[in-house]
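A short worksheet on the structure shown next.
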Amino acid sequence: MRRGNPKRIPLPVVFSAFAAALCLSSCTPGAQPNTTVLRIAAWGGAGDDSDAARIEREVYAEFERQNPGVEIQLENIPGSQDYVRKVLLSFIAGAEPDVIRLDASSAAVFINNGALKDLTPYVEGEDGINLDDYFENVVNIARRDEELYAIPVDFTPLVVYYNKRLFDEAGVPYPSDNWTWDEFLAKAKRLTRGEQYGFTFTNWMPGWLPWVWNNEGDVLGPDGKATGTADSQATIDAVSWLRDLIAVHKVAPSLSQMAAEGAAPFANATAAMETSGHWNLVGLASAPKVKLDEIGIAPLPVSRPGRKPVTVIYESGWSIGRNCKNPDLAWRFIKYYTSQEVQRKIQQTGIGVCARKDIATERAIDAREQEFLRIIPSGREPWGAKVEGYDYVESEGQKMMDGILKSGRDPARSLRDFARAVDRQLGDR
Amino acid sequence: MIRRTLTWAALISLAIFLLAPFVWMVLVSLHPAKAPIPDYADLIPKDPQWKNYALVLFTPEVPVTRFLVNSLVVTLCVVLGQLLVTSMAAYGLARVRFRGASTVFGTFLASMMFAGVVTQIPVYLLMRELRWLDTFAALIIPGLSSAFNVFLLRQFMLGIPFELDEASQMDGATHWQIYWRVVLPLCKPALATAAAFTFFAVWTDFFWPLLATNSMRMRTLEVGLSIFKNSYGTTNWPLQMAAAVVTLLPMILVFILAQKWFVRGIQMSGIK
């Protein structure tokens, strides 16, 4: 039987080699003695572009320099749902990071379950900060009565982006600050010509719900129930109107057309308007077919004249885990990161609007930043900041919109079924 | 002749169909970083940005070589370890007669009925108790067993003539010797199939490595390179696609090298 290679290796050798490999591999270089490790969970952001990454790295390195003996362990986690799942599980297991980047759209699950520390004592303490430096409606996203669970870093309202060049070419006047749905539709119709569309519509619920708000409809009522609100006439009318943009007026590409092309019509200048947030500017700055100077920003239009425009604010900020072992150090980090000096560096990346009024104003030498500043007061928090399990509502909402747009389902019936499903799901919690 | 032409035409169109997404991926990866996904008409970049690959591979903030080493270590350990562990279990279930063998085998099969996510939280808690989070142990050890491979190998081993065992026993061979010197060498095709499946599963696994590791230096390629999304969920498509190409290449390489084993393994287990 002494033929062939594998047969010659005695079994115990294989075992011990394997065991040794495992032992070796499970050893990790531990932290150096006398250093305190501060674990910080953030999104993958650091890797998405080299300028932003360089700035972030310098900011963290500077904190380590200012605090000898402190080592920052940055834990970058990709995605939004994956981020929530991972951080939540680490809380359940008691293995959570010290400082957590909290996103408004999923803040409720952490705040409502008592995972986070109330930061009020630190804000008001000796080493505190002045909350008047921040936009009030942005700070309030992570507030529960007197308690505050996050210090905001940056945020964005959802706005209407429009391409001034395409408007000029079609001879269409730019949107005004209190434009209506009728005006929007008239413009969109005139901008739809040849290969070009007036608007691009997304089934992504965070992108269309604020339109519903502008018709005084919504998905959840003050009682937290969807029935009575998501199936109200105002919501049905708004959803039907949005559907008609594609189905009747054909001023926006259909969903299947969008999926087939897989492209971004607004960024490729084949659509004149879209709903998006501040992050959009980062991509548009590199888009070959649009120039940043040709981009205009307007509030979402209202359904009837005289109504006040309203939009959603997506925000992210820093929180401290309830059982954090070094809360003072964690606070020192948050205070450092949200300081004027550091924010001036960080916000160069241009992903959001700075939650500090001073920096946001400084940056508003740019015309588009000014537009954002004007829209901010009309922003309200996303449902996910208050309602746990709201991700379910968003995924169901998207499916519902798909059904209406792709299969031609009736909005009233779809919304009624949707409301029931939401109440059943949220009622279980 | 016509049949041949038709066959070729069908195969070529199928190949184009299957290759199109890959070509799209490569083309998008050559557009300037942060640029939007281009329309079809502009898919071919005017000024190919090969430096995107340099950005992905050599940015100091994203230690891709470390990710690659991690992925290789984890995949190699899991594949080899799993072959060893599952083939031993399969041997026991296929060749050793003991009371309750069918119950044990049934339990293995039953465990396949659970979706993987169900066990993820208990396994995570266990890893935490053992203080293995953020170490190679957490990435490797939970992956060492696979009910599917036990099943696959057991079925294969049942097809090997029992006379071989008996003859070996006559010669005084122990179970260990029969397992290692007689049965295992005859299982090569099944082992190759199992290895290929495990390799692809481990290499592309995303959620478990994401849960089990925290620091950059413990990330595998799949997790490490998926961070080209920024905080608000927008994606730097060209860099993300470059990263996807980088992640895919080793897999394609392994597939080309192991193709023979892969195909033969499936054929053999199909015949048996």
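No lab work stands behind these numbers, since they all come straight from the coordinates. Since the model is a prediction, treat every value here as computed from it, not as a measurement. Quick reminder, even Gly has a Cβ in these numbers, built from the backbone with ideal geometry, and neighbours come from all protein chains shown.
Observations, loosely collected:
- In chain A, the calculated helix contribution to ellipticity at 222 nm averages -12500 deg cm²/dmol per residue, counting -39,500 (n - 2.57) for every DSSP H run with n ≥ 4.
- Working note: 222 nm ellipticity from helices only, DSSP H runs with n ≥ 4, each -39,500 (n - 2.57), summed and divided by the residues of chain B, gives -21500 deg cm²/dmol to the nearest 500.
- Sites excluded, GluC sites (Glu not before Pro) in DSSP loops with at most 12 other C-beta within 10 Å, longest stretch of chain A: A:196-429
- Solvent-free Debye scattering, log10 I(q)/I(0), computed from the Cα coordinates of chain A at q = 0.06, 0.09, 0.10 Å⁻¹: -0.31, -0.64, -0.77
- Loop-located trypsin sites (Lys or Arg not before Pro) in the stretch B:123-229 (DSSP state other than H, G, I, E, B) with a sparse environment of at most 12 neighbouring Cβ atoms within 10 Å: B:Arg131.
- A straight Cα-to-Cα reach below 26 Å connects A:Lys289 with the lysines A:Lys164, A:Lys187, A:Lys189, A:Lys250, B:Lys34, B:Lys46, B:Lys51, B:Lys229, residues fewer than 8 places away in its own chain not being considered.
- Shape of the stretch B:61-227, Cα gyration tensor, a/c cut at 1.5: prolate
- Computed over every Cα-Cα pair of the stretch A:274-401 and binned at 10 Å starting from 0, the pair-distance distribution P(r) comes out as 10, 30, 34, 21, 5, 0 percent.
- Its Cα centre serving as origin, the protein assembly as shown has a Cβ charge dipole (Lys and Arg +1, Asp and Glu -1) of approximately 3220 debye.
- Chain A, relative contact order [Cα under 8 Å, separation at least 6], %: 24
- Note on the stretch A:358-419: Kirkwood radius taken over Cα pairs, Stokes-Einstein applied at 10 °C and 1.306 mPa s, translational D equal to 108 µm² s⁻¹.
- The stretch A:131-141 - phi-based ³J(HN,Hα) in whole Hz, Karplus 6.51/-1.76/1.60, Gly and Pro as x: 5, 5, 6, 10, 5, 5, 5, 7, 4, 5, 4
- Residue order for B:Ser87, A:Ser395, B:Ser145, A:Ser407, fewest other beta carbons within 10 angstrom first, comes to A:Ser407, A:Ser395, B:Ser145, B:Ser87.
- Sequence-separation-based contact order of the stretch B:61-227, relative, with Cα cut under 8 Å and 6+ spacing, percent: 44
- Residue order, fewest to most surrounding Cβ atoms within 10 angstrom, among B:Thr193, A:Thr275: A:Thr275, B:Thr193
- The loop-placed chymotrypsin sites (Phe, Trp or Tyr not before Pro) in the stretch B:12-110, going by DSSP, that have at most 12 neighbouring Cβ atoms within 10 Å of their Cβ come out as B:Trp50, B:Phe98.
- Reachable aspartates and glutamates, given that their alpha-carbon falls under 15 Å from the alpha-carbon of A:Lys399 and they are not under 8 places away in the same chain: A:Asp391, A:Asp410, A:Asp417
- Residue with peak Gaussian network fluctuation, chain B [Cα springs, cutoff 10 Å], from B:Leu72, B:Leu11, B:Leu158: B:Leu11
- Backbone amide hydrogens, once placed in the peptide plane, bring B:Asp134 within less than 5 Å of B:Thr213, B:Asn214, excluding anything fewer than 5 places away on its chain.
- Of the trypsin sites (Lys or Arg not before Pro) found in the stretch B:1-96, the ones in coil according to DSSP and having at most 11 other Cβ atoms within 10 Å of their Cβ are B:Lys46.
- Ranked B:Ser71, A:Ser232, criterion: other C-beta atoms within 10 Å, fewest first: A:Ser232, B:Ser71
- Prolate/oblate/rounded label for the stretch B:1-126 (Cα gyration tensor, a/c 1.5): oblate
- DSSP H segments from chain A that extend 30 Å or more along their own axis, Cα-based, with Kyte-Doolittle mean of -0.5 or above: none
- Sequence-distant residues sharing a close amide H with A:Leu102 (under 5 Å, placed H): A:Gly317, A:Trp318, A:Ser319
- Built amide H within the under 5 Å cut-off of A:Leu300, gap 5+: A:Val160
- Considering only A:Thr200, A:Thr35, A:Thr349, the mean-square fluctuation computed in a Gaussian network model of chain A, springs between alpha carbons under 10 angstrom, is largest for A:Thr35.
- Reachable aspartates and glutamates from A:Lys291, criterion Cα separation under 18 angstrom, eight or more residues apart if same chain: A:Asp168, A:Glu169, A:Glu274, A:Asp366, A:Glu369, A:Glu371, B:Asp39, B:Asp42
- Mean separation of Cα contacts under 8 Å, 6 or more apart, over the residue count of the stretch A:288-360: relative contact order %: 14
- The long axis of helix B:116-129 is offset from the longest Cα principal axis of chain B by roughly 90 degrees.
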